[in-house]
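A.B. asks: One structure is given below, represented as structure tokens, and several questions about it will come after.
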Amino acid sequence: MLNTEGEMATGADVRDILELGGVESENTGTINKKDIINSDKKKSKKSSETLTFKRPEGMHREVYALLYSDKKDAPPLLPSDTTQGYRTVKAKLGSKKVRPWKWMPFTNPARKDGAMFYHWRRAAEEGKDYPFARFNKTVQVPVYSEQEYQLYLHDDAWTKAETDHLFDLARRFDLRFVVIHDRYDHQQFKKRSVEDLKERYYHICAKLANVRAAPGTDLKIPVFDAGHERRRKEQLERLYNRTPEQVAEEEYLIQELRKIEARKKEREKRTQDLQKLITAADTTTEQRRAERKAPKKKLPQKKETEKPAVPETAGIKFPDFKSAGVTLRSQRMKLPSSVGQKKIKALEQMLMELGVDLNPMPTEEIVQMFNELRSDLVLLYELKQAFANCEYELQMLRHRYEALAKAGSLGPGSAEGAHADGPAAPGAEEGKADAKDQIIDVVGAPLTPNSRKRRESASSSSSIKKVKKP
């Protein structure tokens, strides 16, 4: 036994040293010829098996990709730039010979004094013109002769010497009229504004262009409106010199104008909604009358005529069950989701006041008449609500009108009456103080939620009482 175990231990040691393995060698414990010949294949197979890594559970794919590359190598310790990516490398240093640079003189063609400057430049560009000379753009100021001035350009308000001085400054400062006005000789010549200088210059340019142009050519003559420019600057100066009180007043007026426009839009919207309700009520009434008169007249059956379009806001629009299959008739009595809880509660209250069951027997006739009754009640509720809103707005406007009339009666014309009454003077002062707000706020103040709720509840109760009366 000892010898056998010793031999087995020796065989295992040899296999570990040679990195050999296999079923046959493991079972027998001896080294075969195949183990020695196929040792390289087994090593590559073993290395491929050991280098397969699995991403841990819970780790994102992007995070795991940062740990190992496709070749299962460890990440680099230093950042490396590669050409594969969103941007290419800007600087590509090659192995070519470096081009020499030279310190050489140059002159700027824009300068007329012949000044000499020095800068670094490539040796191959020696003797070439200054590259930034192409940006030296000058304005072509027209030149006129003595004869042209006497024939076409003479002006009583301007002398020839003053005109020559203006055109000389225009050439020197490239039509920068603010600089021209600053350098203008106001002591020798008449004091001129920037607009006067511009008007004289562009008038001469337009005149020379018309005179020198060939017949039949299309000219682009510059036009300068000196009056408009003066008014613009005057208005800008007034705007700049406003006091803080004037700025605050203007902002206040703009805010009030926005409020008035918003109230006007709201009033127009309420008017459209009210008109829709009135149209819906008239249309519903005409349809009922036509349906009542139809059975009395025995006429041959005709095709159904198109019903007039009724707005969606008129009463309740019950859904039509036209799908195949069996349906319950009581489903036609179910109120649609478009009806709000507020209308549903008001409708139930009105039905209870009228003594109508909330869930009647759903026969064909009862379902149709019950739906029509509830639609009419909702339409009546909306009309009463709109009527209450109009009444409230009319009352508010009446109060404002009375307040404005009272403030107008306490003006300068009624000073004697106010003096005779004595105690009425403080009221007059208060009326004058609030006159501004009263005059601006004449369109109608928006309704508050509390006042609207109280008015809606009052209108619903009054409508129930009027319906209940015989």
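The values are calculated or read from the model by the stated rules, or taken from the named source; none is laboratory data. Only a predicted model underlies this, so the values are computations on that prediction, with no experimental measurement involved. Don't worry about glycine lacking a Cβ; one is built from the backbone with ideal geometry, like all the others, and counts go over all protein chains shown. Heavy atoms of the whole protein, side chains included, go into the accessibility calculation; ligands, DNA and RNA do not. Shrake-Rupley method; radii C 1.70, N 1.55, O 1.52, S 1.80 Å.
A.B. asks: For region 333-348, how many residues meet the condition of being closer than 11 Å to TYR381 by Cβ and open to solvent by 40 Å² or more (accessible area, probe 1.4 Å)?
C.D. replies: 3
A.B. asks: Given the criteria touching a Leu at 6+ places or on another chain (Cβ under 8 Å), within 22 Å of THR283 (Cβ to Cβ), open to solvent by less than 20 Å² (accessible area, probe 1.4 Å) and of a type outside the set (S, T, N, Q), does LEU351 qualify?
C.D. replies: Judged against the criteria, LEU351 is not a match.
A.B. asks: Within region 250-262, does at least one residue satisfy the condition of being at pLDDT 70 or above, under 30 Å from LEU380 (Cα atoms) and not assigned by the TED database to the domain that holds GLU393?
C.D. replies: Yes, the conditions are met somewhere in region 250-262.
A.B. asks: Check off (1) modelled with pLDDT of 85 or more; (2) farther than 30 Å from ARG332 by Cα; (3) surrounded by 14 or more Cβ atoms within 10 Å (Cβ to Cβ) for LEU410 and give me the number that stays unchecked.
C.D. replies: (1)
A.B. asks: Something else about it: Looking only at residues that are open to solvent by less than 80 Å² (accessible area, probe 1.4 Å) and farther than 27 Å from ASP129 by Cβ in region 78-117, which one is modelled with the highest pLDDT?
C.D. replies: Checked region 78-117; the qualifying residue modelled with the highest pLDDT is GLY94.
A.B. asks: Next up: Could you please tell me which pairs satisfy a Cβ distance under 8 Å, a separation of 6+ or placement on different chains, a first residue in region 112-139 that is within 19 Å of PRO100 (Cα to Cα), and a second residue that is hydroxyl-bearing (Ser, Thr, Tyr)?
C.D. replies: Close Cβ pairs satisfying both conditions: TYR130/THR107.
A.B. asks: A further question on this structure: Filter region 181-206 down to the residues that are among the basic types (Lys, Arg) and within 10 Å of PHE224 (Cβ to Cβ) and list them by number.
C.D. replies: LYS198, ARG200
A.B. asks: Are there any pairs with C-beta distances below 7 angstrom linking a residue in region 174-200 that is modelled with pLDDT of 90 or more to a residue that is open to solvent by 40 Å² or more (accessible area, probe 1.4 Å) and charged (D, E, K, R), with the two at least 6 apart or on different chains, and if so which?
C.D. replies: Qualifying pairs under 7 Å: PHE177/LYS198; GLU195/ARG230.
A.B. asks: Can you confirm whether ARG171 is in contact (Cβ under 8 Å) with a residue 24 or more places away in the chain and closer than 24 Å to ALA157 by Cβ?
C.D. replies: yes
A.B. asks: Next question. Could you tell me which residue of region 119-162 is most open to solvent (accessible area, probe 1.4 Å), considering only residues that are in a strand (DSSP E or B) and in the same structural domain as ALA206 (by the TED database)?
C.D. replies: The selected residue is ASP155.
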